[in-house]
Structures are given as C-alpha cells and as structure tokens.
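Shown next, in structure tokens, is the structure this report addresses.
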Amino acid sequence: MAQVGPPEVSRRRLRIAIRVLVSAALLVLVFQLVEPKHLLAALRRCSVTAWTLSLLAFVLLHMASAMKWRLFLSLAGVKLTAGDALSCYAAGLFANLCLPSLLGGDVVRAGLLFSKGHRPSRLVVAGLADRLSDILALGLLILLGAGFSWGALPRELVESRWTLALLPLIALSALVAAFVLLGRLPYRRLPRSAAKPLLGLAKGARTLARRPGLAAAGLAVSLTLQTGFVLVNLGLGRALGMSLSNGLWFLLWPLAKVAAMAPLSLGGLGVREAAFAALTSVFGDSRLAVAESLVWESILFAGGLVGGLFFLIRPPKERAS
C-alpha cells in the first residue's frame, strides 16, 4: 500500500480541524440558545433504566444492520459468515462513533475484508447499496411522517418537504445512471489503471441487478431498522417530557439524521443537535430536543465502545476463498 505523503496528511489534518471547529461552533450556538440550567434539568429526567434500554435497543438494531450489510455483500458476490460480518461491522461502528475524525466506518469495514482477500470493487458496490438503502428508507420515513402530521406542519415546511423527500430518489436515479454507464464504457480504450476498477464495479452492479428481489428485501430491512431507531428516540423523548406527536417524530428525527450525515462535523456532533432543535422549535420546547439529542449522542458513543470491544474479543477469522 502506498504511503500517504505530507500534502495528503496536511489536507487530512485540515479537514479534521474544520470538522472540530464546526462541531464546536454549533454546540456553542446551541448552548447560547438553551440555558444550561434548563438543559441539565431536562437531562435529569432520563432515568438509568431508560438509557440502558435505549442502548440495548441500539446494539440490537445495529446487529440486525450488520446482517443487512452481509445481505448486500452476498448480492455483490462476497461470501461472509455471520460472525465475521458482525466483527467487521462492529469495528466500523467503533471507528464511526468513537473515532469520527480518522476513518469512516465504511472504509474500516471494507479495509478489513480487503485484507482478507475480498475484491475491493465488490466491497464498494455492497457498501454503496447498503448506504443507499438507508438513505432511501429515511426518505420514505420523511414522507410518511409528513403525511401523518400534515395538519400540524407550517406552510414553509409543507412547501419544502417534497424537495427533501425527493433527494433519496434523486440519489437512486444517479446510481442507476452510473450503473448503466458502467455497462457501456469502452473499457478496451481506457488505460488499464482506470479500466480494471471500473470493470470490477460494472460486474458488481450486474450481480446486484440479477437478484432484484433480494435487493428489495434489503431496502425493506433498512426501512424496518430506521423505524426502530426513530422509535428508540421517541421513547427517549417521552422519558424527557417531549410532547411531539408520533407523526412529527417520523418526520423531524429522520430530517435531523440526514443533516448529520453531511461531512461537516465530527460524526454529526453539533449538526444533529442544531438541526433537531431548529426543527422542533416550531412544535415544542427546543431545550428538550437538545437534551434528547445529547442523550442520544451518549448512547452512540457507548454503542461504539461496545462495537470496539466486540471486535477485540472476536476479530474476523475467515479469508476469501
């Protein structure tokens, strides 16, 4: 593997510094808007039992997410045992939630499998399909939440919700167009260094297209899992005294989660809190929204530590055949 040169190291450090500054600035802004004493009072309402049950639900949902990732890997031609899938996924979860300034979870998972002899092109296809299924699921939840809370929505949200909900469909269309383009590229005329990885991607895309039923099943699983994450946060919100309707939870929390996906901060820290507070300010107490989001951040970090511990106890074992 080629070594990373000084310019690349400098750029990486600059990106990390920018993300730290963005997270810090947004958290300062949030704490300026929400008085610390009110925030602490809200945080005290969350019992140890509610927090522990939420962490357990988080871990179980991510175990199911690991099996979904394994499904997309199998569709792309990567065979993996359930134990190895859990181990690689756990390592990625730890990197994503506890080391967000270093490597992303997708990169860690793919790197572990690549070290075991799996083809990188297939890993990329599976990773893209897995990530896209989650984004599509969030888009569907936004649509459903908007439908169920139609009467409570202010006019400006009603006018913009279609644009927000269409973003996942636009991403899907772009991916389909890319797959079609991969099948029609003149590979013989391209330099070997470019043709080889592109041809691998094309083969992986064809593998997915041959089994649309299983690909649709993966999307259904993503929708179920994202619903589960919303319900966990809904329960936390109830424990803290939030009075948002169920429909609004299915609209506002996915919107905040999509905002946190933007590569602007440390694992969404600050962005998630600011977005959720801004969205809920129209419907209720934004102080409780910030408190709920911070409790969720603590669960994310604890869940990442659980993932890292599992990886240390049970690292991936099998090599590609």
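The values are calculated or read from the model by the stated rules, or taken from the named source; none is laboratory data. Remember, predicted model here, so these are calculated numbers, not experimental data. Methodologically, a virtual Cβ is constructed for each residue, glycine included, from the backbone with ideal geometry; neighbour enumeration extends over all protein chains shown.
For region 42-71, what are the residues that are aromatic (Phe, Trp, Tyr) and either free of Cβ contacts under 8 Å to residues at least 12 places away in the same chain or over 22 Å from LEU223 (Cβ atoms) (or both)?
TRP51, the sole residue that qualifies.
All but one of (1) among the hydroxyl-bearing types (Ser, Thr, Tyr); (2) free of Cβ contacts under 8 Å to residues at least 12 places away in the same chain; (3) under 29 Å from GLY235 (Cβ atoms) hold for SER115, so report the exception by its number.
(3)
Can you confirm whether region 273-288 contains a residue that is within 25 Å of LEU99 (Cβ to Cβ), of a type in the set (A, V, I, L, M), out of contact with any His (no Cβ under 9 Å at 6 or more places or on another chain) and assigned to a helix (DSSP H, G or I)?
The answer is yes; a qualifying residue exists.
Take region 237-278 and flag every residue that is surrounded by fewer than 20 Cβ atoms within 10 Å (Cβ to Cβ) and farther than 18 Å from LEU300 by Cβ.
ARG238, GLY241, SER243, SER245, ASN246, GLY247, ALA278
A quick yes/no check of all residues on (1) among the aliphatic types (A, V, I, L, M); (2) assigned to a helix (DSSP H, G or I); (3) over 20 Å from PHE229 (Cα atoms); (4) at pLDDT 75 or above:
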residue	(1), (2), (3), (4)
SER133	no, yes, no, yes
ILE142	yes, yes, no, yes
GLY145	no, yes, no, yes
GLY151	no, yes, yes, no
ARG161	no, yes, yes, no
LEU166	yes, yes, yes, no
ILE170	yes, yes, yes, no
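May I ask you to verify whether ARG206 is assigned to a helix (DSSP H, G or I), at pLDDT below 90 and charged (D, E, K, R)?
yes
Which residue out of SER47, SER54 is in contact with a helix residue (DSSP H, G or I) (Cβ under 7 Å, 6 or more places away or on another chain) and loosely packed, with under 13 Cβ neighbours inside 10 Å?
Going through SER47, SER54 in turn, just one is in contact with a helix residue (DSSP H, G or I) (Cβ under 7 Å, 6 or more places away or on another chain) and loosely packed, with under 13 Cβ neighbours inside 10 Å: SER47.
Can you name the residue in region 65-81 that is aliphatic (A, V, I, L, M) and touching a Gly at 6+ places or on another chain (Cβ under 8 Å) and, of all such residues, is surrounded by the fewest Cβ atoms within 10 Å (Cβ to Cβ)?
LEU71
Where in region 19-129 are the helices (runs of 4 or more DSSP H), entirely inside, with at least 2 residues that are within 20 Å of the chain's Cα centre (by Cα)?
Result: 48-75, 82-98, 105-115.
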